[in-house]
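First the structure, then my questions, so here it is.
The values are calculated or read from the model by the stated rules, or taken from the named source; none is laboratory data. Given the structure is predicted, the values throughout are model-derived calculations rather than measurements. Heads up, the Cβs are rebuilt from the backbone with ideal geometry, glycines too, and the neighbour counts pull from every protein chain shown. With ligands, DNA and RNA removed, areas are computed over all heavy atoms of the protein, side chains included. Shrake-Rupley method; radii C 1.70, N 1.55, O 1.52, S 1.80 Å.
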Amino acid sequence: MNEVKSIVSDIQNGNLKPIYFLMGEESYYIDRISDFIENNVLEEAEKGFNQIVMYGRDTSIEDIIGAAKRFPMMAEKQVLIVKEAQDLSRNIEKLVSYAENPQPSTVLVINYKYKKLDKRKKLHKAIAKNGLLFESKKLYENQVGDWLRRVLSGKGYQIEPKATQMLVEFLGTDLSKISNELDKLTIVLPKKTIITPEHIEENIGISKDFNNFELRKAVGEKNVLKANRIINYFAQNPKNNPLVMTISLLNSFFTQLLLFHGLENKSKASVAKGLGISPYFADEYFNAARNYPMRKVAQTIALLREADVKSKGVGASQTHADILKELLFKVLH
């Protein structure tokens with residue numbers, strides 16, 4: 001995020017590079033930087049003749065080089081943006097001749113999503129020397145909550161830990177998808193609002209009582225009644241609560257619980273740091289550890305792996321609802 005801020009700040013200050021090669025698994029920051037250049041480098045009156053958007057599937061490296069070598073008309077710069085450039089991955093190295101000697105009056109932006117250049121090859125070295133290379137890496141799940149809080153804070157909002165967890169568990173690590181849902185919230189809620197689980201339920205449609213976060217908590221507490229209510233809700237709403245997601249999150253929880261048992265220092269701060277969680281959720285692990293000694297945790301992880309295999313149709317003809325019911329019966333008893 002700091003690297004993105006630095007890139008945007010340089011652009012705002014007029015320190016433009018002739019090439020911006022934006023690559024990596026996380027498309028969110030690639031789009032943010034590309035959109036910022038598209039919206040801010042040229043004046044509106046200059047864009048008609050001097051701003052071109054091309055798409056990888058509809059163009060060639062030769063066309064891109066030809067357009068990049070063109071001089072601007074009645075402006076200091078021209079902006080050439082190539083979106084979905086990963087569709088040109090087979091021939092991307094042909095761009096090296098231009099990268100070694102780029103046109104100073106052109107700002108060439110390459111959006112190379114879900115892939116990255118080979119550092120050993122000439123193109124990577126040429127752009128590193130004459131332009132800017134930015135790799136947008138996927139965040140780990142335990143990093144998304146902090147990212148989400150920072151984004152909301154920048155817009156003048158706060159969010160409760162449970163609401164954060166609901167968003168992360170429902171939307172995963174796709175920052176673009178999360179950003180879209182945050183936009184919905186900031187449109188309907190006034191600034192300085194502290195976003196609660198109720199806000200998430202009302203505006204995004206994630207149940208505050210029947211979700212994987214609450215199921216994990218119920219399982220950790222060995223609250224059989226609550227766990228069964230949640231899985232019955234899941235059975236009635238399978239599209240919003242896929243079994244593969246539930247198993248994955250329960251597996252993460254019990255894997256962390258195994259790590260908890262192995263921690264020498266079990267202070268709340270040490271547990272939060274060791275497990276990569278918010279201190280707000282540390283008590284869940286203390287409670288669960290009392291209900292699940294290390295041997296039971298290991299057995300539960302084995303049961304989760306078995307259920308995962310069954311959910312993929314191997315060695316079982318059960319419905320996903322029945323697989324989950326059987327799994328929780330074995331785990332909770």
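Whole angstrom only: what separates the Cα centroid of segment 112-153 from the Cα centroid of segment 23-68?
17 Å
Another question, if that's okay. Across 10 Å bins from the origin, how do the percents of Cα pairs in the chain run, short distances first?
Per 10 Å bin, starting at 0, the Cα pair percentages come out as 5, 21, 23, 20, 17, 11, 3, 0.
Have a look at G276, L258, S179 and report the one farthest towards the positive end of the charge dipole of segment 158-280, computed about the Cα centre with Cβ charges (Lys/Arg +1, Asp/Glu -1).
L258
Explain nothing, just the number: dipole magnitude of the chain about its Cα centre with +1 on each Lys and Arg Cβ and -1 on each Asp and Glu Cβ, in debye rounded to the nearest 20.
Roughly 1020 debye for the chain.
Please identify the helices of the chain, taking whole runs of DSSP H, that span at least 27 Å along their own axis as judged from the Cα atoms and have a mean Kyte-Doolittle score of 0.5 or higher.
What comes out of the filter, once short or polar helices are dropped, is 243-262.
For the chain, calculate the relative contact order in percent as a whole number, restricting contacts to Cα pairs under 8 Å that are 6 or more residues apart.
It comes to 14 percent, rounded to a whole number.
If every alpha-carbon in segment 118-228 counts as one equal scatterer, what log10 I(q)/I(0) does Debye give at q = 0.23 1/Å?
-1.23
Something else: Please calculate how many Å² of accessible area the chain carries per residue, with a 1.4 Å probe and no DNA, RNA or ligand atoms counted.
Ligands and nucleic acids excluded, the figure is 52 Å² per residue.
Applying the Karplus parametrisation 6.51 cos²θ - 1.76 cosθ + 1.60 with θ = phi - 60° to the phi angles of segment 13-21, what ³J(HN,Hα) value in whole Hz is obtained for each residue in order, glycine and proline being reported as x?
So the Karplus estimates, Gly and Pro as x, are 8, x, 8, 8, 9, x, 9, 10, 9 Hz.
Just need the relative contact order of segment 132-289 here, percent rounded to a whole number, with Cα pairs under 8 Å and 6+ apart.
18 percent
Which Cα, out of I195, A126, L108, lies furthest along the positive dipole direction of segment 106-209 (beta carbon charges, K/R +1, D/E -1)?
A126
In whole percent, how big is the carbon plus sulfur part of the accessible area of segment 163-278, probe 1.4 Å, protein atoms only?
Carbon-and-sulfur percentage of accessible area, whole number: 51.
Just need the Rg to Rh number for segment 1-135, please, alpha carbons only, Kirkwood Rh.
That ratio equals 0.93.
Oh, and also: Could you sort out which of K5/K217; K121/K273; K273/K312; K138/K184; K138/K325; K177/K222 sit more than 28 Å apart by Cα distance in this structure?
From K5/K217; K121/K273; K273/K312; K138/K184; K138/K325; K177/K222, over 28 Å: K5/K217; K121/K273; K273/K312; K138/K325; K177/K222.
Run the accessible area of segment 1-79 with a 1.4 Å probe and give the carbon-and-sulfur part as a rounded percent.
Carbon with sulfur: 47 percent of the solvent-accessible area.
Further question on the same structure: For segment 111-169, just run the numbers: alpha carbon Rg, then divide by 2.2 N^0.38 Å, N being how many residues it has.
1.66
Can you give the charge dipole size of segment 24-91 about its Cα centre, rounded to the nearest 20 debye, using +1 on the beta carbon of Lys and Arg and -1 on the beta carbon of Asp and Glu?
Charge dipole, segment 24-91, about its Cα centre: 260 debye, nearest 20.
Roughly how big is segment 1-49's charge dipole about its Cα centre, with Cβ charges of +1 (Lys, Arg) and -1 (Asp, Glu), in debye to the nearest 20?
Using Cβ point charges on Lys, Arg, Asp and Glu, segment 1-49 gives about 140 debye.
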